[in-house]
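The values are calculated or read from the model by the stated rules, or taken from the named source; none is laboratory data. Here the structure is a predicted model, which means the values were calculated and not measured. Don't worry about glycine lacking a Cβ; one is built from the backbone with ideal geometry, like all the others, and counts go over all protein chains shown.
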Amino acid sequence: MKNVLVTGGAGFIGSNFIRYILDGDKVDFVLNLDLLTYAGNLENLKSVESDPRYCFVKGDIRDRDLLRSLFEKYNFDTVIHFAAESHVDRSIVDPGIFLSTNVQGTQALLDTAKAHWKLKPDDKYSREYRAGVRYLQVSTDEVYGALEKTGMFTEETPLAPNSPYSASKASADLLVRAYYQTYGLPINITRCSNNYGPYQFPEKLIPLMIHNAQQDKPLPVYGDGMQIRDWLHVKDHCTAIYTVLEKGIPGEVYNIGGNNEKANLEIVRIILTELNKPESLITYVKDRPGHDRRYAIDNTKITSQLGWKPLYSFEAGIHETVAWYLNHLEWVNRITSGAYQSYYHEMYGNS
Ligand code: NAD
Ligand code: DAU
């Protein structure tokens, strides 16, 4: 892994990942291609912007001419595709941009990598030809749909997405798989559970609740608050992606999870305790349409085959995360313009 293209590197996970791979000598060069939508923020990368191995280009993954020229100029051997519309509630309000960015954007990247790496259908079994290049699709556990009280998602679980967001991610995964099967493009797909940690846009549960509680504003809990997510610290996600790039077998899917299932209400209560705020701030609101009840990841494949494991305990991770947001109030206020509360209002108005 020498010349790396990271898409969506100005977002939450992408920016954490770029800082992680530039720490030490994991790569020679990283180009961050990001459109800087509402979720992209170059402030997240201040600490690396003067690193000579780092370069930023503002641009759209759907722009094929731009992709072609970047591949020609920098001769990438590795693509790590984070760029996406990532918020489920927004996808309920406006699905179109999710299909365009997440599906067509992925196809543009796949086509460009395939053309640049000169892969042809009969190269599928030619290890030599594919050696040294890799395309990694950053996907999500939401492509598997929802679980009841028991069971876990394995890599064999059929895809059954329930939201426009997860349907767009599942569609992209199928395209990535097809480019491996048809053209021998050396791909991996990683499917990760809910991330938390520094630099997450405060529309997602944990930063939104910290932001609101800190200002004594209501905490909007959807439905009964007993939906379960499996939480993973973003830094553990970064080490997992790097492990897959280093050791993953081309064509394989790897689930990434933290073995850390928690009900939303439990998360909200932990945050209130951390901030010493009253439970009376909890406000039950109408449920998210098609709300997935429970996610749980079986991470046996990546732990047993590739030797990765998460290092953060949730207790330490959430404590550190709350402290980070309290120390970065200006960052939060700048990106939310002080007025942002929750996308819930976009779904239902103020009722
Ligand atoms: P994010 O919303 O914080 O960041 C997305 C980034 O993509 C932003 O910087 C945005 O500007 C950029 N972007 C959007 N459209 C673009 C386009 N057309 N061209 C170029 N850049 C564009 O997202 P995130 O939470 O960091 O998620 C990153 C990836 O990880 C996504 O693919 C998401 O589906 C996946 N994922 C996220 C989680 C999670 O808990 N956040 C869990 C599993 C998987
Ligand atoms: O599972 C991985 C996915 O996790 C990623 O693929 C997505 O990109 C990421 O956004 C996240 O999706 P979720 O829908 O699980 O995350 P969100 O933070 O929006 O919501 C987490 C849970 O909290 C979910 O059950 C909905 C609930 N919730 C969320 C918000 C924003 C609330 O109860 N109130 C809220 O205000």
Taking segment 167-224 as the region of interest, how many residues are within 9 Å of ligand 2 (Cβ to nearest atom) and more than 20 Å from the chain's Cα centre (by Cα)?
6
Exactly one of (1) touching a strand residue (DSSP E or B) at 6+ places or on another chain (Cβ under 9 Å); (2) more than 9 Å from ligand 2 (Cβ to nearest atom); (3) under 16 Å from Lys262 (Cβ atoms) is unmet by Arg229. Its number?
(2)
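For (1) among the hydrophobic types (A, V, I, L, M, F, W, C); (2) at pLDDT 95 or above; (3) closer than 23 Å to Leu159 by Cβ, each residue gets a yes or a no:
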position: Asp216; (1), (2), (3): no, yes, no
position: Tyr222; (1), (2), (3): no, yes, no
position: Met226; (1), (2), (3): yes, yes, no
position: Asp236; (1), (2), (3): no, yes, no
position: Thr239; (1), (2), (3): no, yes, no
position: Ile249; (1), (2), (3): yes, no, yes
position: Ile256; (1), (2), (3): yes, yes, yes
position: Glu261; (1), (2), (3): no, yes, yes
position: Leu265; (1), (2), (3): yes, yes, no
Answer with yes or no whether Asn75 is at pLDDT 95 or above, surrounded by fewer than 22 Cβ atoms within 10 Å (Cβ to Cβ) and under 25 Å from Gln107 (Cβ atoms).
yes
Quick count over segment 309-348, residues being modelled with pLDDT of 90 or more and polar (S, T, N, Q), is 3
Within the bounds of segment 310-332, is there any residue that is touching a residue at least 60 places away in the same chain (Cβ under 8 Å) and assigned to a strand (DSSP E or B)?
no
Hey, among Gln200, Gln215, which residue is free of Cβ contacts under 8 Å to residues at least 12 places away in the same chain and of a type outside the set (Gly, Ala, Ser)?
Gln215
